[in-house]
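The values are calculated or read from the model by the stated rules, or taken from the named source; none is laboratory data. What you are looking at is a predicted structure, and each value in this text was computed from that prediction instead of being measured. So basically every Cβ, Gly included, is an ideal-geometry build from the backbone, and we count neighbours across all protein chains shown. Areas reflect the complete protein model, heavy atoms only, side chains present, ligands, DNA and RNA absent. Shrake-Rupley method; radii C 1.70, N 1.55, O 1.52, S 1.80 Å.
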Amino acid sequence: MCGIIGATANRDVVPILIEGLHRLEYRGYDSAGVAVASESGLNHKKTVGQVSVLEHAVTEAKLSGHCGIGHTRWATHGKPTEINAHPHGSSESLALVHNGIIENHSVLREKLMTHGYVFVSETDTEVIAHLIHFHLTQSPSAEDRLTVIQKALGELEGAYAIAVIFADMADHLFGARMGSPLVVGVSSGEGYLASDPLALLQVTDQMRYLENGDVVVLTPDECTITDLKGKQQVREVERFQHGDQAADKGSYRHFMLKEIFEQPRAIKDTLSDKVGQSRLLDEALGVDGLSMLKDIEQLHIVACGTSFHAGLVAKYWFESKANIAVSVEVASEYRYRDPCVPENCAFLCISQSGETADTLAALRYAKEKEYVTTIGLCNMPGATLVREADIRLLTHAGIEVGVASTKAFTTQLVVLFWLAQVMSKARGHLNKAQELNVVQGLHALPDQVALAGEQSSMIEKLAFDLVDKPHCLFLGRGLHYPVAMEGALKLKEISYIHAEAYPAGELKHGPLALVDEQMPVITVAPDDHLLEKLKSNLQEVSARGGELINFVSKSVSLDETDAKHSIQVEGMEGDLSPIVASIPLQLLAYYVALHKGTDIDRPRNLAKSVTVE
Ligand code: AGP
């Protein structure tokens with residue numbers, strides 16, 4: 001889960017590499033490095049810590065060159081040290097950066113050691129550098145670097161995206177992809193490579209998306225793409241659609257806060273191609289989308305983390321609105337078992353990035369099975385998941401930089417609700433008047449989400465009460481149980497407070513034993529048919545002295561529960577309540593983390609896009 005960048009041009013590329021690494025920091029941030037090729041050979045700089053540390057070192061060293069590569073790391077093999085930081089080299093003749101995991105690295109390491117190669121780092125990446133060098137020494141024509149790289153890559157097992165430069169070819173930049181994402185940036189007289197188009201938007205929005213098995217060689221004027229056997233491949237240039245807005249926090253202190261407050265806009269944009277004035281636009285499913293899905297009896301939803309929670313909420317909608325039986329599973333489990341695929345079952349995977357290794361592996365696995373079709377729900381138009389799923393559905397949240405997902409989650413929910421209603425209509429469960437109701441509800445949603453955000457200053461104050469707590473329980477019922485799970489995930493990932501979510505009715509079956517004066521219990525209490533049941537559950541908590549913090553529908557009074565705080569939120573009723581109820585929970589996590597002083601946009605040990613298993 002690292003970020004890589006490369007550039008070749010007729011000017012100094014170091015500022016481009018550094019800016020790109022800043023933009024890739026969301027993928028990992030424990031160490032970073034750059035290497036450049038010039039007439040004097042290869043020069044590099046590596047540092048431990050965030051990219052700003054590297055930037056300082058590079059400026060001090062006056063590093064410059066017309067062709068170079070850069071890397072921001074999230075450690076998998078070996079600790080975050082300068083030696084383990086990328087780029088890695090071999091005999092000072094090449095420098096290489098890598099994202100992914102080489103599964104047969106130990107075997108290759110041993111083989112290379114018998115040929116006299118000495119390893120200085122603990123990384124699997126150094127194996128690739130030496131392997132390319134080994135093939136270079138074996139090649140009759142050292143000039144044919146593409147063939148040399150193809151041969152080396154042919155020996156690798158696992159996932160990789162790499163960028164390589166050579167000391168004696170100072171304007172050539174090589175790249176390759178298998179499993180991990182890599183995009184080529186196209187601009188007149190300059191060539192770029194990066195793990196994510198976001199890193200290149202500073203210089204171009206014209207991208208060629210590489211496919212698995214592609215090997216590319218770039219000079220300032222040329223781009224050649226082949227497969228691993230040397231056969232030419234054509235990857236059309238596509239304009240990246242999100243615009244260059246992500247690198248800017250505006251007046252917000254953190255990307256996460258900016259992204260929380262962007263949700264009304266993100267939801268509006270997501271709805272723009274899916275809901276008309278008075279009808280649901282099922283055209284968004286593509287030409288044959290609806291006819292493929294109309295008669296399915298079951299749906300398997302697979303995703304990770306926050307996207308998994310979106311799937312759990314959607315189960316309630318698909319079952320109650322469209323009468324489709326749904327199972328929801330985390331991708332890392334699904335991909336390694338032998339699931340029963342019943343007749344008339346579709347597969348839906350959800351991923352903000354569309355590059356999550358487990359989710360992609362699950363999609364590929366599902367494509368081998370007897371599903372009616374596969375659907376990919378994603379926020380990144382050019383992502384691998386979008387390219388590989390049969391039916392593509394896009395959220396238009398805009399680039400999400402904060403590691404803690406916020407606007408991606410609520411826009412996923414919007415699309416999943418829309419899809420459940422589209423299917424309901426296609427199956428004859430939604431008449432014209434009901435459809436109009438749904439459409440009006442969706443159009444009103446951005447304003448309701450904005451209103452929920454207005455509780456921000458009250459939540460900021462109450463967050464002080466959680467700062468010193470080591471643990472926290474989240475409770476919800478029905479489709480607000482996954483909302484509570486998402487609230488707990490948000491809190492734990494950015495504030496490092498241990499948080500668990502339970503369906504409130506489960507409390508007395510075990511977790512109630514944890515409740516005392518030291519245990520904050522955060523509840524989501526919408527105005528729904530489970531409210532009275534939830535109230536009894538809350539009584540169980542307050543009777544044990546638990547510190548209740550309730551987010552309740554404006555139309556609900558929970559005074560009898562002796563809550564320490566009850567925050568009333570408008571719009572926490574009806575089908576779309578899970579979307580509205582998510583906002584105060586995101587704000588709560590944000591402010592607790594802010595008061596604790598953690599690195600909110602880049603929490604420890606995590607990365608935005610988990611492109612390794
Ligand atoms: C969300 O806050 C997390 N950082 C994480 O759980 C994330 O949702 C998960 O890794 C899945 O990512 P994806 O949606 O890009 O596939």
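For segment 335-352, the criterion of being surrounded by fewer than 24 Cβ atoms within 10 Å (Cβ to Cβ), closer than 26 Å to Ser195 by Cβ and more than 12 Å from the ligand (Cβ to nearest atom) is satisfied by at least one residue. The residue of segment 380-405 that is farthest from the chain's Cα centre (by Cα), among those that are away from the ligand (no atom under 14 Å from the Cβ) and assigned to a strand (DSSP E or B), is Ile391.
Taking the condition among the β-branched types (Val, Ile, Thr), buried (at least 24 other Cβ atoms within 10 Å of the Cβ), away from the ligand (no atom under 16 Å from the Cβ) and in the same structural domain as Tyr334 (by TED's automatic domain parsing), does Val372 pass? It is false that Val372 is among the β-branched types (Val, Ile, Thr), buried (at least 24 other Cβ atoms within 10 Å of the Cβ), away from the ligand (no atom under 16 Å from the Cβ) and in the same structural domain as Tyr334 (by TED's automatic domain parsing). As for segment 507-518, it holds no residue that is open to solvent by 10 Å² or more (accessible area, probe 1.4 Å), assigned to a helix (DSSP H, G or I), more than 16 Å from the ligand (Cβ to nearest atom) and modelled with pLDDT of 95 or more.
If you go through segment 82-136 and keep only what is assigned to a helix (DSSP H, G or I), among the acidic types (Asp, Glu) and under 18 Å from Ala163 (Cβ atoms), you end up with just Glu126. Only one entry in Ser577, Ser609, Ser582 is hydroxyl-bearing (Ser, Thr, Tyr) and away from the ligand (no atom under 16 Å from the Cβ), namely Ser577. Looking only at residues in segment 29-69 that are polar (S, T, N, Q) and open to solvent by less than 20 Å² (accessible area, probe 1.4 Å), the one that is modelled with the highest pLDDT is Thr47. Among the residues of segment 548-556, is any open to solvent by 30 Å² or more (accessible area, probe 1.4 Å) and away from the ligand (no atom under 16 Å from the Cβ)? Scanning segment 548-556 turns up at least one residue that is open to solvent by 30 Å² or more (accessible area, probe 1.4 Å) and away from the ligand (no atom under 16 Å from the Cβ). Residue count for segment 183-220 under the criterion of being more than 15 Å from Leu173 (Cβ to Cβ) and of a type outside the set (S, T, N, Q): the result is 9.
Of all residues in segment 451-505, those satisfying the criterion of being within 16 Å of the ligand (Cβ to nearest atom), without any contact (Cβ under 8 Å) to a residue 40 or more places away in the chain and closer than 23 Å to Ser553 by Cβ are Ala488, Ala499, Ala501. Between Ala450, Ala389, the distinction of being over 29 Å from Asn605 (Cβ atoms), of a type outside the set (S, T, N, Q) and open to solvent by 20 Å² or more (accessible area, probe 1.4 Å) belongs to Ala450 only.
Does segment 246-268 contain at least one residue that is assigned to a loop (DSSP other than H, G, I, E, B), of a type in the set (S, T, N, Q) and either in contact (Cβ under 8 Å) with a residue 12 or more places away in the chain or open to solvent by less than 10 Å² (accessible area, probe 1.4 Å) (or both)? No. Examine segment 425-432 for a residue that is in contact with a strand residue (DSSP E or B) (Cβ under 9 Å, 6 or more places away or on another chain) and either open to solvent by 10 Å² or more (accessible area, probe 1.4 Å) or over 27 Å from Leu587 (Cα atoms) (or both), and state whether such a residue exists. Yes, segment 425-432 contains a residue that is in contact with a strand residue (DSSP E or B) (Cβ under 9 Å, 6 or more places away or on another chain) and either open to solvent by 10 Å² or more (accessible area, probe 1.4 Å) or over 27 Å from Leu587 (Cα atoms) (or both).
Residue count for segment 290-318 satisfying the condition of being more than 13 Å from the ligand (Cβ to nearest atom) and assigned to a helix (DSSP H, G or I): 10. Within segment 577-598, the set of residues being closer than 24 Å to Ser351 by Cβ and either surrounded by fewer than 21 Cβ atoms within 10 Å (Cβ to Cβ) or in contact with a Pro (Cβ under 7 Å, 6 or more places away or on another chain) (or both) comprises just one member, Ala581.
Figure legend. Inter-residue proximity from segment 202-231: first residues under 17 Å from Thr384 (Cβ atoms) and open to solvent by less than 50 Å² (accessible area, probe 1.4 Å), second residues of a type in the set (Lys, Arg) and assigned to a loop (DSSP other than H, G, I, E, B), beta-carbon distance below 6 Å, spacing 6+ or different chains. Indicated pairs: Ile225/Arg235.
For the criterion of being crowded, with 21+ Cβ neighbours inside 10 Å and away from the ligand (no atom under 16 Å from the Cβ), Ala357 fails. Within this structure, Gln277 fails the test of being among the polar types (S, T, N, Q) and open to solvent by less than 30 Å² (accessible area, probe 1.4 Å). Find the residue count for segment 461-485, including only residues that are open to solvent by 10 Å² or more (accessible area, probe 1.4 Å), within 24 Å of Gly311 (Cβ to Cβ) and part of a helix (DSSP H, G or I). Looking only at that region, the number is 4. There is no residue in segment 432-449 that is at negative phi, in a loop (DSSP other than H, G, I, E, B) and either away from the ligand (no atom under 16 Å from the Cβ) or not assigned by TED's automatic domain parsing to the domain that holds Ile350 (or both). If you check Leu363, Leu377, Leu413 for being open to solvent by less than 20 Å² (accessible area, probe 1.4 Å), part of a helix (DSSP H, G or I) and under 26 Å from Glu211 (Cβ atoms), only one passes: Leu363.
Looking only at residues in segment 137-171 that are assigned to a strand (DSSP E or B) and touching a Phe, Trp or Tyr at 6+ places or on another chain (Cβ under 9 Å), the one that is nearest to Lys79 (Cα to Cα) is Ile162.
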